[in-house]
Amino acid sequence: MSDHYERVKIELQQMKAVESEAAADVEQLSPASVTSVPAEVSFAARRDLSRSSINGRSRSKSRSKADGHERQVNGKQLSDLTPQKSDYSQEKGQSRVSNEQNVKGTLRLLKGKTAANGHVESCQRQTDLKCEDHGKEDGSKVAKKRRAVTVDTSKAKTSLEALKMSIRQLKWKEFPMGRRTACDIYWHGVSFHDNENIVSGQVNKFPGMIEMLRKINLSRAVRTMQELFPEEYNFYPRSWILPEEYQLFSSQIRLLKDSDSTLKPTFIVKPDSGSQGDGIYLIRDPADLRVISGSQIKQAVVQEYIQKPLLIDKLKFDIRLYVLVRSLEPLEIYIAKEGLSRFCTEPYQEPSQKNLSHVFMHLTNYSLNVHSGNFVHSDSCSTGSKRTFSSVLYRIASKGVDIKKVWSDIIALVIKTVIALVPELKVYYQADIPPGKPGPTCFQILGFDILLMKNLKPVLLEVNANPSMRIEHEQEVSPGVYEYVPSPVDEEVKVGVIRDTLRLMDPAQRKQHVTSNTEGGSPEDAIVVETGSDEKESLTDSLPSLCLKQVFPKYTKQFNYLRVVERIAAIFLRFLGVKGTMRLGPTGFRTFIRNCKLSNSSFSMASVDILYIDITRRWAGMLPDSREAGMSLQAFIEAFFYLAARRFKAVLLREQVLLLLEVCEGALEGQSHSEKPRPHRSHPTQPSAPNAFSSPALTRRHHLRHQPLQLSAKANTEN
Ligand code: ADP
């Protein structure tokens with residue numbers, strides 16, 4: 001056996017010893033403080049289950065390791081890492097369709113382990129353990145006399161295995177090769193457009209989600225919200241978009257350093273369309289930016305690096321949380337109670353010139369760290385380099401941390417982020433599924449990557465449109481020989497998320513679904529304080545209670561005031577019409593001004609045209625790959641902000657914008673219905689009229705653009 005394998009075994013034993021110690025600590029705690037976390041007995045049971053499952057199910061699919069040396073990237077410099085597109089995951093909408101043979105081989109083996117009752121044995125047991133009130137898995141009860149829900153899995157790609165398990169558990173009907181007649185649900189591996197011919201049913205991807213979640217677009221969407229609500233959106237690190245903000249970035253950092261020479265901020269540079277850590281590097285000076293690649297200027301986001309993350313066992317880790325956007329209109333968001341924590345494999349030190357390139361110290365990506373000699377594949381959910389989030393919460397709760405508050409902050413982060421994305425998603429939606437035309441409705445599971453700072457504040461790193469749903473990993477079983485083996489931790493988390501997403505999208509349930517759960521409570525009640533059963537959401541008696549928890553509309557009262565840009569988008573959509581376009585032409589813009597009565601003697605229609613041309617031209621330069629001409633939503637929002645600031649002398653941009661919205665909505669209300677596009681299934685163009693005037697905090701003095709640069713790197717020093 002290789003040294004590497006020996007080392008992994010020893011570390012595994014050490015980590016288990018540490019875990020037992022932590023478990024002993026936790027047993028001293030009062031039950032109330034860790035209500036959400038499975039008892040240690042569950043961990044032990046899980047460990048046993050996992051162990052037996054991994055032994056009994058090791059897949060025979062092997063490949064010899066021709067590229068063995070290339071894979072040894074331990075200690076490799078950040079900048080040296082060539083894109084090692086592992087086929088473990090399929091992040092950010094990039095199709096990483098893995099070796100089909102491997103998938104097929106795996107499936108064969110999975111069939112082999114299907115138990116007599118038609119359920120996948122260990123997965124089911126593990127998933128039952130996770131969900132707190134264990135429903136009895138009795139297949140005979142599940143099959144009520146109604147037509148089985150049909151699922152087209154022909155485009156599922158790497159999520160296929162977890163999807164198959166879920167469908168089997170639900171006793172639904174799978175169509176692996178597609179179906180001539182319509183299915184109830186279409187499961188796509190990458191994008192809404194994986195299958196272009198869907199006219200009904202529900203698709204598990206929204207049009208435009210991949211585009212919206214590219215690093216630059218996400219940064220833009222959050223920044224728009226930061227301009228309106230700087231305090232509410234301070235969970236996203238300060239970011240600059242390259243190349244357009246290179247000068248701004250350089251000058252702001254120079255000013256910052258001049259003002260305080262003790263400051264040593266670090267920045268992380270992320271290529272726009274990258275994923276899995278590809279092309280990411282750390283810098284301490286703008287001069288170190290690699291702006292050009294070949295003859296091309298690189299599109300990237302440069303972001304403040306969070307220097308003081310929370311550590312466990314001296315290692316940095318991040319959290320992958322699964323979030324279901326069940327519908328855009330009305331907005332419905334669910335969060336999975338369980339997630340994954342991905343650990344670095346080299347002890348963390350604050351960035352210094354010496355360690356900037358230590359990828360295994362600074363980046364938590366599984367796809368990178370799996371190549372470190374220190375990576376620990378564990379058959380337990382609470383040890384190793386990939387663990388369940390609940391086991392991490394359990395560890396930190398044992399240190400006296402208020403995990404209710406941590407969850408509540410995470411829920412707020414998720415809701416606010418989705419609120420930032422919704423306006424543009426609605427534009428994509430209308431372009432792809434115009435109102436009045438046949439088409440499916442959409443839902444989507446997103447992967448939120450969150451870092452906890454040392455002071456426990458969650459920070460959003462990114463959102464993945466296509467979080468990996470793989471439930472197996474590649475493992476070197478002897479030198480040069482790799483096998484696909486089940487990953488109990490992935491299986492436990494991901495099968496639950498997919499199965500319960502399907503349950504929520506069950507067409508029969510959807511009809512009955514009442515979105516009246518807006519009574520409130522606070523986000524702190526949502527996940528941590530479990531009563532054990534949730535009848536409203538326990539859709540099927542014979543399955544465990546849902547592992548997905550509704551957070552919106554549940555917390556409408558707390559967050560609806562943030563939905564200001566959605567109201568601007570509703571006006572934009574109204575003048576865009578329903579012709580499948582995403583850009584507003586000059587005539588549409590003029591009509592908007594005229595219908596909202598925004599021009600007057602001091603703002604003539606000629607000025608309107610100049611405004612349109614100026615802003616549209618500038619945005620065309622910033623969105624070079626855009627095919628359509630005209631004014632994008634982002635450009636329209638900028639024009640709207642400009643008009644608001646011009647017309648109202650209120651101090652805050654947010655107040656100005658709200659006043660202008662009132663003017664526009666008031667003017668449009670009186671106009672004939674025939675001018676308005678007809679509302680469509682999941683996306684009426686009318687604003688859902690969130691009452692933005694109920695904002696609790698209209699106190700901030702300055703608009704974000706005018707604020708001096710302050711980085712949390714500095715705030716961190718106080719932690
Ligand atoms: P990718 O899509 O390539 O995975 P991410 O934005 O998720 O890109 O960044 C990769 C990793 O880098 C994260 O998992 C995290 O460990 C680290 N990271 C990203 N942004 C920051 C940040 N602002 N501060 C500290 N660490 C970060």
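The values are calculated or read from the model by the stated rules, or taken from the named source; none is laboratory data. Just so we're clear, the structure is a prediction, and the values are computed from it rather than from any experiment. Cβ sites come from the backbone with ideal geometry, for glycine too, and all protein chains shown count toward neighbours. Note: areas computed on protein heavy atoms with side chains; ligands, DNA, RNA excluded. Shrake-Rupley method; radii C 1.70, N 1.55, O 1.52, S 1.80 Å.
Would you check if there is a residue in the stretch 377-391 being assigned to a helix (DSSP H, G or I), touching a strand residue (DSSP E or B) at 6+ places or on another chain (Cβ under 8 Å), open to solvent by less than 10 Å² (accessible area, probe 1.4 Å) and away from the ligand (no atom under 12 Å from the Cβ)? Checked the stretch 377-391: at least one residue is assigned to a helix (DSSP H, G or I), touching a strand residue (DSSP E or B) at 6+ places or on another chain (Cβ under 8 Å), open to solvent by less than 10 Å² (accessible area, probe 1.4 Å) and away from the ligand (no atom under 12 Å from the Cβ). For the stretch 343-376, the tally of residues that are small (G, A, S) and within 11 Å of the ligand (Cβ to nearest atom) stands at 1.
Taking the stretch 238-262 as the search range and keeping residues that are open to solvent by 10 Å² or more (accessible area, probe 1.4 Å) and not in a helix (DSSP H, G or I), which one is farthest from the ligand (Cβ to nearest atom)? Out of the qualifying residues, it is S261. Within the stretch 626-663, the set of residues being more than 18 Å from E245 (Cβ to Cβ), under 28 Å from the mean Cα position of the chain (by Cα) and open to solvent by 20 Å² or more (accessible area, probe 1.4 Å) comprises S626, R627, E628. Give me the residue from the stretch 286-304 that is part of a loop (DSSP other than H, G, I, E, B) and open to solvent by 60 Å² or more (accessible area, probe 1.4 Å) and, out of that set, farthest from the ligand (Cβ to nearest atom). Only one residue fits best here, namely S295.
Taking the criterion of being more than 19 Å from N374 (Cα to Cα), touching a Lys or Arg at 6+ places or on another chain (Cβ under 9 Å) and among the hydrophobic types (A, V, I, L, M, F, W, C), the residues of the stretch 466-498 that qualify are M469, I471, V493.
Applying the condition of being aliphatic (A, V, I, L, M) and open to solvent by less than 50 Å² (accessible area, probe 1.4 Å) to the stretch 588-619 and asking which residue is nearest to M631 (Cα to Cα) yields I615. The condition (being farther than 30 Å from I292 by Cα, open to solvent by 40 Å² or more (accessible area, probe 1.4 Å), more than 16 Å from the ligand (Cβ to nearest atom) and in contact (Cβ under 8 Å) with a residue 24 or more places away in the chain) is satisfied by just one residue among E196, E231: E231. When A431 is tested against (1) touching an Asp or Glu at 6+ places or on another chain (Cβ under 9 Å); (2) farther than 28 Å from D313 by Cα; (3) not β-branched (V, I, T), exactly one condition is not met: (1). Contact map, the stretch 263-277: residues that are outside any loop (DSSP other than H, G, I, E, B) paired with residues that are among the basic types (K, R), Cβ distance under 6 Å, separation 6+ or inter-chain. Pairs shown: K270/K215.
Here L213, L242, L218 are screened, and the one residue that is at pLDDT below 95 and touching a strand residue (DSSP E or B) at 6+ places or on another chain (Cβ under 7 Å) is L242.
Of note, V578 does not satisfy the criterion of being surrounded by 21 or more Cβ atoms within 10 Å (Cβ to Cβ) and not in a helix (DSSP H, G or I).
Per-residue answers, yes or no, for (1) among the polar types (S, T, N, Q); (2) out of contact with any Ser or Thr (no Cβ under 9 Å at 6 or more places or on another chain):
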{"position": "E232", "(1), (2)": "no, yes"}
{"position": "P237", "(1), (2)": "no, no"}
{"position": "I241", "(1), (2)": "no, no"}
{"position": "Q247", "(1), (2)": "yes, yes"}
{"position": "S250", "(1), (2)": "yes, yes"}
{"position": "D258", "(1), (2)": "no, yes"}
{"position": "S261", "(1), (2)": "yes, yes"}
{"position": "K264", "(1), (2)": "no, no"}
{"position": "F267", "(1), (2)": "no, yes"}
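For the stretch 427-455, taking the residues that are assigned to a helix (DSSP H, G or I) and open to solvent by 10 Å² or more (accessible area, probe 1.4 Å), the one that is modelled with the highest pLDDT is identified as Y428.
The residues on offer are L311, L340, and the sole one that is crowded, with 20+ Cβ neighbours inside 10 Å and of a type in the set (A, V, I, L, M, F, W, C) is L340. State yes or no: is L573 over 19 Å from L659 (Cα atoms), assigned to a loop (DSSP other than H, G, I, E, B) and in contact (Cβ under 8 Å) with a residue 60 or more places away in the chain? Answer is no for this residue. Can you name every residue in the stretch 317-342 that is more than 16 Å from the ligand (Cβ to nearest atom), part of a strand (DSSP E or B) and in contact with a Phe, Trp or Tyr (Cβ under 8 Å, 6 or more places away or on another chain)? Matches in the stretch 317-342: L324, V325, R326, S327, E332, I333, I335, A336.
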